[in-house]
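Colleague: Got a structure for you, written out below as structure tokens; questions coming shortly.
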Amino acid sequence: MNGFRTTMLLAAMTALFMALGFTIGGTGGAMVALLVAAGMNLFTFWNADRIVLSMHGAREVDASQCPEFVGLVAGLARRAKLPMPRVYVIDSPHPNAFATGRDPAHAAVAATTGLLGLLDRDEIEGVMAHELGHIRNRDTLIMTMTATIAGAISMLANFGLFFGQDRDRGGGMIATILAVVVAPFAAMIVQMALSRHREYGADRAGAEISGKPHALASALAKLAQGASMVPNPVTERNPAAAALYIVPGMGGSRDSLFSTHPDTNNRIALLQEMAQELGLRIARPPAGASPSVPTTRRRPSALNPTGRRH
């Protein structure tokens, strides 16, 4: 069912791309758009991990450089029955993490030094289990591909707004203007709906892999506040990248058509239910209270004692 939904969403975005091409350039424009979409999908399929990791300036680490962090990921991968992914660290105070790669055999996980300095070991384990959940659910490729197509639709729409012409009838220009407004909006809705659905699935998978839904819930609370207070230069340059992270950046999220992630409180509530099912206990903060999250000074962590390069 998950594969069918993925196929339908990709087909819908490709159809939007073709429809916009048709509106701007007729049948020829639609064919060019189809070829471009196919080329982008093929390129992204083989290079998704390189694109995302290069965008973030991530550096690969091994057991000799980050023994505890790499060992933690290795243990989780064994538990999830997944191949060992490549492990990356991003030198950034913005606390976040993501997974990428075209399939489990070519996957990578990355965390920022801000995240490693902010969370304790159990919380980091919960976060990385969440990212392995994305890998196990085969979300990583589709998330990158939808972000790529959504960005291409927006670029084509801008092109059409400036260069679209009335092909045969007086309504052609109106149709072009309508298309360049509606198509990017529709692509954004599809991309965001896809991202929200998969975050819930990865939360559940991560809790199952780590066996610590309470730790993942605690990590989400800290990361949501920390990420909302510390700028992320990557998403400032490329907003579509926000859908890749475990939590949104500045501005937060709510369960709406315009959010890239589910509401964090709803995610925590579901993890609390999982913990109760497993006979675990999560300490619930008083109503209206927020976790204390250091954002400018990171506290020591066993996995990243200084927040500097290992």
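Colleague: Quote to one decimal, in nm, the extra length available between Q276 and M8 on full extension: 0.36 nm per residue of separation minus the C-alpha distance between them.
Modeller: Length difference between fully extended and current span is 93.0 nm.
Colleague: What nm distance separates the two modelled labels at R121 and E60, each placed 7 Å from Cα along Cα→Cβ?
Modeller: Label at R121, label at E60, 2.7 nm between them.
Colleague: Under the 0.36 nm per residue contour assumption, what length would be gained going from the current alpha-carbon distance of W46 and A105 to full extension?
Modeller: Net length gain for the segment: 20.0 nm.
Just so you know, all these numbers are worked out from the coordinates, no wet-lab data involved. Source: prediction; values computed, not measured. Backbone-built Cβ (ideal geometry, glycine too); neighbour counts: all protein chains shown.
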